[in-house]
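Before any comments, here is the structure.
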Amino acid sequence: MKCLFAAFFDLFRFPTGNMPLVRAQFDAFSKQIPLLYFILTTNSLAAAWTFTQFAPAWLAVYIPTALCTLCGVRCLWWWQARKQTFSDAYIIKHMRTTSQLAALLTFGFTIWGLLLYPYGDAYARGQVVFCMALTVIGCVFCLMHLRPAALSVTLFANGPFILFFFLEGHGSLKAVAVNLALVSVAMIMILLVYSRDFARLVESQAETRRLSDENFRIANLDALTDLPNRRWFFAELERRHGEATAAGAGFAVGIIDLDGFKPVNDTYGHMTGDKVLSEVGRRLSKAGRDGVTLARLGGDEFGFIMGDDPSEERLKTFGAALIETVRLPFAIGGSHAALGASIGVARYPDSADTPESLFERADYALYHAKRNQRGHVVVFSNRHEEQIRSHGVIEQALQAANFEAEMSLVYQPIVDTRTGRASTFEALARWNSPSLGAVSPGDFIPVAERTGQVRDLTLALLGKALRAAAQWPETVRISFNLSAHDISQAESVIQIIALINRSGVSPKRIDFEITETSISYDFQQARAAVIAFRALGLGISLDDFGTGYSSLSHVHRLALDKIKVDRSFVADVTTNPVSHKIIKSLSALCADMGLACVLEGVETAAQLEVLQALGCIYVQGYYFARPMPEQDVVHYLESEHKLPSRRRMGK
């Protein structure tokens, strides 16, 4: 018995522990409440109008007027609240209030109908029964989403009438009472089934929504770092751009690229590389600030969007903090690896006015940072915009260029201090464009790399260099610079080897200069290219030594012949004790490893004297000769034989 009573009272409770269901019920029945009050009001006024000729005014006019006024007030409140958003507590409170008010109004209308019934004739009494039946059915259907209220209406309206008709004694009224009781039971069953199915539907929708949200999260989340992914980043960029455009505000886009990650990935394997990237993502997330969204764009590249119209100083400060965070050592097994980061940033609307061009400007700033200011933050500026326009002009001219006719080489000697003679000539590219005139290699080579023309350019220039070297003495070598694209693609390596074999120049007279940047681009392929070149008998030089990352690692792991020490160490060797010590140490290192060491940037006799005192053998710079055209190389070689060695070496 207690269980039955508990089950009965449970029907009148609200599922306050399931707020999605409560909100769904509230949203559904709140749209039907105005109809409920319309049904109550129209049926009550119809009955009242009929009974004005039978019943006293207090019963036929005043009571229905009061009840209908209350209904009108409630209807107006619900109509005004239909577009408002309420808290969970507010919704529960009003659902309970509505259920209580439904019970009170039902009780009030029922008592009024029972008091009105005896005054009328048979037709008037029939109207009372008809109106009450229609009203109850209409109100129950309007309140089906609010089960306690619907049950209250059914019981408080039909219960008294069933009892009243049953006690009247007339057989037809008893039949009406039984019929009404059976219909009430059926309505309650329908109400319970509908309430259950509605709850299941809401639960199913919630699960569908949860799965949809989870799928959306997975589709927009990078599984390795738990940061948003590239798709989300560009969607967020579009959204931020729309908001900033509408508000007349500014924001910034930044691209973060790790320096030195590829050697770590190649040395320790992809699993370790993934762990490093995961740690980078964690560090970046921890270093993020309010108003900044971070994402992984792919590989070892990350991005961020900063709102609130950040200044250049603020962007550089934030970027520097990210770089310092990344620069902390990474634990790898029993050792540690050090990475760096370079960042390019572009601001809206200063740098660009569309999301696509804004990202391109940030990417260009990153490119500039990687090439010229590695390990720093570069904010896109007007100067970069001028470079882009200049490079665009160069790109168009380069695509239309005849490499054989327009490209040329100049040669700068690498001198052996023991003999005072040139042991090698380094080939340096020059371009005299019909439309642009003389274009610096610092301008057109990066464009050729970006546009994919560098392979054809390399083959054309290498052919010219080999033809020139074929005219020199067998003792003089030729040194040629290769780009990252030349050694990162097996097809390019094969074409270069085939060109050398056709040239007739002994591979043992040829040196290829590669930079640390080109090695880091794809270390495994670079290593394979070096092995192939060395098997042919070619010499391999590591250019700009000391300016990149993991230099000693590259020296140790690659089959090198010589290293070229960057000119920045030679520039102040006569005045800076640190540069003096560095060159001394590098010379000793090369001697121990059996490598030749070339010092670049020698411009004065004083520099040469210090380098000779340190035991440096191979030097290069304006002190000996500026880069010269091919026809002057032979004259240079002839003239150096006419001078005593000590005079030539500045002694």
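More than 30 Å from Gln471 (Cα to Cα), in contact with a strand residue (DSSP E or B) (Cβ under 8 Å, 6 or more places away or on another chain) and either assigned by TED's automatic domain parsing to the domain that holds Val530 or not in a helix (DSSP H, G or I) (or both): does that describe Ile583? The answer is yes for Ile583.
Here Ala102, Ala60, Ala81 are screened, and the one residue that is surrounded by 19 or more Cβ atoms within 10 Å (Cβ to Cβ) and either of a type outside the set (A, V, I, L, M, F, W, C) or within 22 Å of Ala150 (Cβ to Cβ) (or both) is Ala102. Applying the criterion of being small (Gly, Ala, Ser) and modelled with pLDDT under 90 to the residues of region 419-435, the residue that is surrounded by the most Cβ atoms within 10 Å (Cβ to Cβ) is Gly420.
The set of residues in region 397-449 that are in contact (Cβ under 8 Å) with a residue 60 or more places away in the chain and within 41 Å of the chain's Cα centre (by Cα) comprises Leu428, Pro446. Each residue in region 325-337 was checked for being closer than 21 Å to Arg371 by Cβ and either assigned to a loop (DSSP other than H, G, I, E, B) or charged (D, E, K, R) (or both), and 1 pass. Per this entry, Asp363 is not counted among residues that are at pLDDT below 90 and out of contact with any His (no Cβ under 8 Å at 6 or more places or on another chain).
Scanning region 351-361 for residues that are touching a residue at least 40 places away in the same chain (Cβ under 8 Å) and surrounded by fewer than 18 Cβ atoms within 10 Å (Cβ to Cβ) turns up just one, Thr354.
Can you tell me which residues in region 143-199 are among the aliphatic types (A, V, I, L, M), within 60 Å of the chain's Cα centre (by Cα) and more than 24 Å from Tyr37 (Cβ to Cβ)? Within region 143-199, Val185, Ala186, Met189, Leu192, Val193, Ala199 meet the criteria.
Scanning region 249-282 for residues that are over 16 Å from the mean Cα position of the chain (by Cα) and within 23 Å of Gln373 (Cβ to Cβ) yields Asp259, Gly260, Phe261, Lys262, Pro263, Val264.
In the condition set (1) under 47 Å from the mean Cα position of the chain (by Cα); (2) more than 20 Å from Leu558 (Cβ to Cβ), Ala596 is compliant with all but (2). Taken over region 597-611, the criterion of being touching a residue at least 40 places away in the same chain (Cβ under 8 Å) and within 15 Å of Val565 (Cα to Cα) is satisfied by Val598, Leu608, Leu611. Looking at Ala397, is it farther than 21 Å from Gly254 by Cα and aliphatic (A, V, I, L, M)? So Ala397 passes the test. If the condition is being out of contact with any helix residue (DSSP H, G or I) (no Cβ under 9 Å at 6 or more places or on another chain) and either part of a loop (DSSP other than H, G, I, E, B) or more than 16 Å from Gly307 (Cβ to Cβ) (or both), then region 357-367 contributes Ser357, Asp363, Leu366.
Name the single residue that is surrounded by the fewest Cβ atoms within 10 Å (Cβ to Cβ) among those in region 256-275 being touching a residue at least 60 places away in the same chain (Cβ under 8 Å) and not in a helix (DSSP H, G or I). My answer is Leu258. The listed residues are Glu474, Glu449, Glu406, and the only one of them that is farther than 18 Å from Gly539 by Cβ, at pLDDT 90 or above and of a type in the set (Asp, Glu) turns out to be Glu406. Checking region 364-378 against the condition returns a match, with at least one residue being out of contact with any Phe, Trp or Tyr (no Cβ under 8 Å at 6 or more places or on another chain) and either of a type in the set (Phe, Trp, Tyr) or under 30 Å from Arg467 (Cβ atoms) (or both).
Okay, residues lined up against (1) of a type in the set (D, E, K, R); (2) touching a residue at least 40 places away in the same chain (Cβ under 8 Å); (3) within 30 Å of Val140 (Cβ to Cβ):
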| position | (1), (2), (3) |
| --- | --- |
| Ala177 | no, no, yes |
| Leu182 | no, no, yes |
| Arg239 | yes, no, no |
| Gly254 | no, yes, no |
| Glu279 | yes, yes, no |
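Step by step: first the residues of region 368-378, then only those that are part of a helix (DSSP H, G or I) and of a type outside the set (Lys, Arg), then the one that is farthest from Val253 (Cα to Cα). Which residue is that? Going through the qualifying residues, I end up with Asn372.
Per the listing Thr110, Thr135, Thr98, the residue uniquely closer than 25 Å to Ile190 by Cβ and either within 50 Å of the chain's Cα centre (by Cα) or not in a helix (DSSP H, G or I) (or both) is Thr98.
Among the conditions (1) at pLDDT 90 or above; (2) in contact with an Asp or Glu (Cβ under 6 Å, 6 or more places away or on another chain), Lys464 misses just one, which is (2).
Scanning region 310-324 for residues that are out of contact with any helix residue (DSSP H, G or I) (no Cβ under 9 Å at 6 or more places or on another chain), modelled with pLDDT of 85 or more and part of a loop (DSSP other than H, G, I, E, B) turns up at least one hit.
Residue count for region 406-429 under the criterion of being closer than 14 Å to Thr458 by Cα and either touching a Leu at 6+ places or on another chain (Cβ under 7 Å) or not in a strand (DSSP E or B) (or both): the result is 6. Please indicate, with yes or no, whether at least one residue in region 124-143 is in the same structural domain as Leu35 (by TED's automatic domain parsing), crowded, with 20+ Cβ neighbours inside 10 Å and more than 16 Å from Asn43 (Cα to Cα). Yes, there is a match, as at least one residue in region 124-143 is in the same structural domain as Leu35 (by TED's automatic domain parsing), crowded, with 20+ Cβ neighbours inside 10 Å and more than 16 Å from Asn43 (Cα to Cα). With the condition kept exactly as written, say whether any residue in region 379-396 is outside any helix (DSSP H, G or I) and either in contact with a Lys or Arg (Cβ under 7 Å, 6 or more places away or on another chain) or at pLDDT 90 or above (or both). Yes, the conditions are met somewhere in region 379-396. Scanning region 284-301 for residues that are at pLDDT 85 or above, crowded, with 16+ Cβ neighbours inside 10 Å and in contact with a helix residue (DSSP H, G or I) (Cβ under 7 Å, 6 or more places away or on another chain) yields Leu284, Thr293, Leu294, Ala295, Arg296, Leu297, Asp300. Do we find a residue being out of contact with any Lys or Arg (no Cβ under 8 Å at 6 or more places or on another chain), surrounded by fewer than 17 Cβ atoms within 10 Å (Cβ to Cβ) and β-branched (Val, Ile, Thr) anywhere in region 436-452? For region 436-452, residues out of contact with any Lys or Arg (no Cβ under 8 Å at 6 or more places or on another chain), surrounded by fewer than 17 Cβ atoms within 10 Å (Cβ to Cβ) and β-branched (Val, Ile, Thr): present.
Can you find a residue that is at pLDDT below 80, in a helix (DSSP H, G or I) and under 27 Å from Ile63 (Cβ atoms) anywhere in region 185-206? Within region 185-206, one or more residues are at pLDDT below 80, in a helix (DSSP H, G or I) and under 27 Å from Ile63 (Cβ atoms).
The values are calculated or read from the model by the stated rules, or taken from the named source; none is laboratory data. These figures come from a predicted structure and were not determined experimentally. Every residue, glycine as well, gets a Cβ built from its backbone with ideal geometry; the counts of neighbours run over all protein chains shown.
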